[in-house]
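Colleague: First the structure, which I've put down as structure tokens, then a few questions once you've had a look.
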Amino acid sequence: MMLSRAGRRAFASDAPLLKTMLYDMHLEKGGKMVPFAGYELPVQYEGVGVLKEHMHCRAPGKASVFDVGHMGQIKWTGKDRAAFLEKCVVGDIAGLADGEGRLSLLTNAEGGILDDTVITNAGDYIYMVVNGACKVTDMAYMNEKLAENSGMDVQMNYFGDDATLVALQGDGAKTALHPLLPDGFDMERFAFMTGVDTTVGGYACRVTRCGYTGEDGFEIGVSNPADSVAVAELLFANPNVEPCGLGARDSLRLEAGLCLYGNDLDDTVTPIEGTLLWTIGPKGTRRRVEQGFPGAANCLTEAGAPKKFSRKRVGFMGHAKPARPGAAIFDAAGEKQVGVVTSGTVSPILGAPIAMGFVETALGKNDTELTVDIRGKKIPTKVAKMPFVEPNYWRVPE
């Protein structure tokens, strides 16, 4: 299991590690605690391990609980909140319907990605979740933007380091959560990437149907930190629900073709290089045309078309041995370096190595033959379509 470089940097100081509200519960369940993003979090659980935790999350009718309380939860208020956020991120925030959320990107003046974030229109406020390893610098950056736009009516409210966020992921997530929601809650019409303020087992929560595993699932923000353990215990009362650590979270997201900030994305990668143009919007949409986000001129032409870059993010398969972050990618002849691996593991579902990284744009088409340097040997590999494993995101029946 490879922790992100951003996650490691976040605790590379002498500052004491923080503990989430579920820390004692992790210990009771046999969690092996490691430093991550400034917190102590479970990498796996005694007697289970990464492989079994991964397979449980993918299994029909099962669900896994991840403690993602290290992530930053932010509430934006004021009549100019959407307009302000569009000065920070690439996506169409003003166009979000009530309850609708989307993945977006914080960018710098050069168009480099500072963080990836999920932003939801919660009606009278905007709910934003940022990565734990980036939240301090994200908020400092957005405070700078607030100072630059002091005439706008907008306020940023950070929920705090003890705010609880729990991800319930897997095919069985909906059946585990539904009985805990208010009577009459329409789970079938609760679309993926939408959220609502509600209660879970009578406790006030923000529930968003989303996640980072490629499975159906939910992120549950517990409004009162003191209720955190009670909410988690309600989830674990279901016999199909088990805890899951950082190790399986990493392999699950890689199978789903999802980026890990600090590994696959950083402030030198633009949305175009990261193959994340879709976060700005389709051709001809408002943000592609009006632009206005930091670094837009470095990413898009005046007409809104993506500018050309020398590298792009792709997937790799076919190498016989696991390729780890930092492994050099060469052309098919093994003579010229053309890229680098940023994430890699053995897929528990496919039973084969998978990887993600950057290559020269001209070599980024699927099935392009390449080689990867693994412990001094050039091993054949191919550019592969992502996601590596078919996602199971919830689709509302027509």
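Colleague: Specify the residue that is most open to solvent (accessible area, probe 1.4 Å); the eligible residues are those in the stretch 166-204 that are out of contact with any Pro (no Cβ under 8 Å at 6 or more places or on another chain), part of a strand (DSSP E or B) and farther than 17 Å from residue 98 by Cα.
Modeller: 203
Colleague: Need at least 1 residues that are within 17 Å of the chain's Cα centre (by Cα) and among the basic types (Lys, Arg) per element, so show me which strands (runs of 3 or more DSSP E) inside the stretch 24-134 make the cut, counting only ones lying wholly within it.
Modeller: By residue number, 101-107.
Colleague: Can you find even one residue in the stretch 33-50 that is more than 23 Å from residue 162 (Cβ to Cβ), touching a strand residue (DSSP E or B) at 6+ places or on another chain (Cβ under 8 Å), without any contact (Cβ under 8 Å) to a residue 24 or more places away in the chain and open to solvent by 10 Å² or more (accessible area, probe 1.4 Å)?
Modeller: Yes, there is a match, as at least one residue in the stretch 33-50 is more than 23 Å from residue 162 (Cβ to Cβ), touching a strand residue (DSSP E or B) at 6+ places or on another chain (Cβ under 8 Å), without any contact (Cβ under 8 Å) to a residue 24 or more places away in the chain and open to solvent by 10 Å² or more (accessible area, probe 1.4 Å).
Colleague: Could you check the stretch 205-221 and list, in sequence order, the residues that are in a strand (DSSP E or B), closer than 19 Å to residue 251 by Cα and of a type in the set (D, E, K, R)?
Modeller: Within the stretch 205-221, just 219 meets the criteria.
Colleague: Kindly indicate whether any position in the stretch 246-256 is among the basic types (Lys, Arg), under 23 Å from residue 132 (Cα atoms) and either in a helix (DSSP H, G or I) or open to solvent by 20 Å² or more (accessible area, probe 1.4 Å) (or both).
Modeller: Within the stretch 246-256, one or more residues are among the basic types (Lys, Arg), under 23 Å from residue 132 (Cα atoms) and either in a helix (DSSP H, G or I) or open to solvent by 20 Å² or more (accessible area, probe 1.4 Å) (or both).
Colleague: Let me ask something else. Quick one: what pairs do we get from the stretch 119-137, first residue among the aromatic types (Phe, Trp, Tyr), second modelled with pLDDT of 95 or more, C-beta under 7 Å, 6+ apart or different chains?
Modeller: Cβ pairs passing all conditions: 125/75; 125/76; 125/77; 127/75; 127/120; 127/195; 127/206.
Colleague: Another question, then. Do the conditions hold for residue 82, that is, is it over 23 Å from residue 218 (Cα atoms), modelled with pLDDT under 95 and open to solvent by less than 40 Å² (accessible area, probe 1.4 Å)?
Modeller: Against the criterion (over 23 Å from residue 218 (Cα atoms), modelled with pLDDT under 95 and open to solvent by less than 40 Å² (accessible area, probe 1.4 Å)), residue 82 does not qualify.
Colleague: Does any residue in the stretch 302-320 that is touching a residue at least 24 places away in the same chain (Cβ under 8 Å) come within less than 6 Å, Cβ to Cβ, of a residue that is hydroxyl-bearing (Ser, Thr, Tyr) and in a loop (DSSP other than H, G, I, E, B) six or more places away or on a different chain, and which pairs are these?
Modeller: These pairs meet every condition: 312/275; 313/275.
The values are calculated or read from the model by the stated rules, or taken from the named source; none is laboratory data. The structure presented is a predicted model; accordingly, all values stated were derived computationally and were not measured. Note that each Cβ is placed from the backbone with ideal geometry, even for glycine, and that neighbours are counted across all protein chains shown. Please note that ligands, DNA and RNA were not included when accessible areas were found on the heavy atoms of the full protein model with its side chains. Shrake-Rupley method; radii C 1.70, N 1.55, O 1.52, S 1.80 Å.
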